[in-house]
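Only one structure is covered here, and it is reproduced in the block below.
The values are calculated or read from the model by the stated rules, or taken from the named source; none is laboratory data. These figures come from a predicted structure and were not determined experimentally. All Cβ positions, glycine included, derive from the backbone under ideal geometry; neighbour counts span all protein chains shown.
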Amino acid sequence: MARTTIGIVLNGVTGRMGYRQHLVRSLLAIREQGGLPLRDGTRLWPELVLVGRSETKLREIADRHGLTEWTTDLNAGLARPDVQIYFDSQVTAQREKALRLAIEAGKHIYTEKPTAEDLSGAVELARLADAAGIKHGVVQDKLFLPGLRKLDRLVRGGFFGRILSIRGEFGYWVFEGDWQPAQRPSWNYRAADGGGIVVDMFPHWHYVLEQIFGQVNAVTAHVSTLIPTRWDEAGEPYEATADDAAYGIFEIDRAGQSSPIVAQINSSWGVRVYRDELVEFQVDGTEGSAVAGLRNCRIQHRSTTPKPVWNPDLPATEDFRSQWQVVPDNEEFDNGFKAQWELFLRHVVEDEPYSWDLWAGARGVQLAELGLRSAREGRRIEIPELQAEPSK
């Protein structure tokens with residue numbers, strides 16, 4: 001079968017997410033399956049150029065996977081005529097500058113979020129990319145998780161009737177780093193380095209709510225730094241200056257509903273897990289309810305809802321979890337990162353529709369910025385619509 005190649009610069013591949021999800025489980029997985037099938041019967045073959053700051057780490061990764069092209073010079077990678085796409089999974093503080101360089105070089109953009117440290121930077125990137133005529137996309141991986149795809153299926157099928165509310169719980173205990181190594185890099189807990197759970201997770205919650213339920217129009221948030229001192233990768237203590245817990249209320253306008261849907265989502269790196277998955281969303285509607293996690297989704301229809309009675313003087317005799325029905329897979333679910341990579345590659349090569357662009361990324365940054373502002377000012381904040389053109 002004929003093969004077409006496409007050059008991709010991967011910047012930040014020495015990091016956990018860039019290596020595991022984007023290199024190994026996405027692009028190398030596409031190569032392992034013989035390339036991405038295209039409409040004309042050919043297969044698209046990703047040719048990869050690894051970019052990072054550590055020559056030693058890059059060489060080790062390249063050798064491990066039989067790759068030959070890598071560099072510590074981003075400009076050199078972007079100057080290559082055989083490269084069409086630039087991908088970024090660096091730390092947030094380095095991303096905007098690199099994306100600007102890639103746009104100037106005329107490369108299509110695919111990037112992790114948040115796309116910039118502040119809204120003005122995120123909007124400017126989207127405007128520059130539009131003006132350059134390049135295609136651009138932002139990773140919105142949670143939309144491709146089996147549990148949320150099942151939830152989306154329920155919403156589109158009208159299972160809930162009128163949606164009343166959404167409750168989300170996300171998080172786990174991230175060790176401080178003194179007596180057990182932390183599961184996350186230390187920069188996540190330093191505000192100066194772009195850390196904080198709001199800037200990390202609110203963009204995720206934005207696209208989940210926007211894509212499945214409707215437009216997010218207002219936010220009320222409270223944030224905390226629960227663990228004030230942590231230990232870095234060298235075992236040295238440092239002050240945690242970024243928020244590690246956030247409690248948000250999001251108001252959503254949904255077409256066909258006269259009143260907003262209220263979504264309450266708790267996010268914390270200082271919570272011990274007592275639920276089936278690391279993130280769960282409960283959606284309640286007039287016709288039924290669902291609880292969706294990363295992989296699983298359970299439902300309870302109006303017709304099968306039991307009638308519990310509150311009696312604090314007697315022990316509960318009902319097994320509430322057994323009263324819910326499991327939503328079947330009904331299809332095979334590929335790795336979410338890989339699935340979105342395939343859609344973006346088809347968008348670039350075959351001009352397939354693609355809506356998760358830098359403007360979607362900017363709206364996520366906007367929600368995080370306004371969420372932090374809400375926490376500082378102690379009030380509800382409405383979310384204005386972003387303008388593609390600067391105001392005169």
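Structure summary
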{"quantity": "Scope the stretch 109-138; condition surrounded by fewer than 24 Cβ atoms within 10 Å (Cβ to Cβ) and either of a type in the set (S, T, Y) or in the same structural domain as C297 (by TED's automatic domain parsing) (or both); matching residues", "calculated": "S120"}
{"quantity": "Neighbours by Cβ (under 6 Å, 6+ apart or cross-chain): first from the stretch 23-43, under 21 Å from L10 (Cβ atoms) and assigned by TED's automatic domain parsing to the domain that holds W341; second assigned to a helix (DSSP H, G or I) and β-branched (V, I, T)", "calculated": "L36/I30"}
{"quantity": "Restricting the stretch 263-283 to residues that are crowded, with 21+ Cβ neighbours inside 10 Å and within 24 Å of A192 (Cβ to Cβ), the residue that is nearest to the chain's Cα centre (by Cα)", "calculated": "S267"}
{"quantity": "Filter pass, P308 being loosely packed, with under 10 Cβ neighbours inside 10 Å and over 30 Å from P37 (Cα atoms)", "calculated": "no"}
{"quantity": "Candidates A79, A62, A122, A132, filtered to the one that is touching a residue at least 12 places away in the same chain (Cβ under 8 Å), on the phi < 0 side of the Ramachandran plot and touching a strand residue (DSSP E or B) at 6+ places or on another chain (Cβ under 6 Å)", "calculated": "A62"}
{"quantity": "Pairs, first assigned to a loop (DSSP other than H, G, I, E, B) in the stretch 188-205, second not aliphatic (A, V, I, L, M), C-beta under 6 Å, six or more apart", "calculated": "R190/T241; G194/T92; G194/E117; G195/W187; G195/N188; G195/Y189; G196/D243"}
{"quantity": "Test: residue in the stretch 8-17 that is without any contact (Cβ under 8 Å) to a residue 40 or more places away in the chain, more than 22 Å from A362 (Cβ to Cβ), of a type in the set (A, V, I, L, M, F, W, C) and in the same structural domain as H347 (by TED's automatic domain parsing)", "calculated": "no"}
{"quantity": "Residue, surrounded by the fewest Cβ atoms within 10 Å (Cβ to Cβ), within the stretch 209-262, restricted to residues that are of a type in the set (G, A, S) and in a strand (DSSP E or B)", "calculated": "S224"}
{"quantity": "The stretch 298-335 - residue that is under 32 Å from the mean Cα position of the chain (by Cα), among the polar types (S, T, N, Q) and in a loop (DSSP other than H, G, I, E, B) and, of those, nearest to F144 (Cα to Cα)", "calculated": "N335"}
{"quantity": "Any chance L74 is free of Cβ contacts under 8 Å to residues at least 60 places away in the same chain and surrounded by 20 or more Cβ atoms within 10 Å (Cβ to Cβ)", "calculated": "no"}
{"quantity": "Selection within the stretch 263-292 - closer than 17 Å to L164 by Cα and either in a loop (DSSP other than H, G, I, E, B) or modelled with pLDDT under 95 (or both)", "calculated": "T286, E287"}
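For every residue, the table says whether it meets (1) surrounded by fewer than 20 Cβ atoms within 10 Å (Cβ to Cβ); (2) modelled with pLDDT of 95 or more; (3) among the small types (G, A, S); (4) closer than 22 Å to E112 by Cα.
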residue	(1), (2), (3), (4)
W324	yes, yes, no, no
W356	no, yes, no, yes
A362	no, yes, yes, yes
I381	yes, yes, no, no
P390	yes, no, no, no
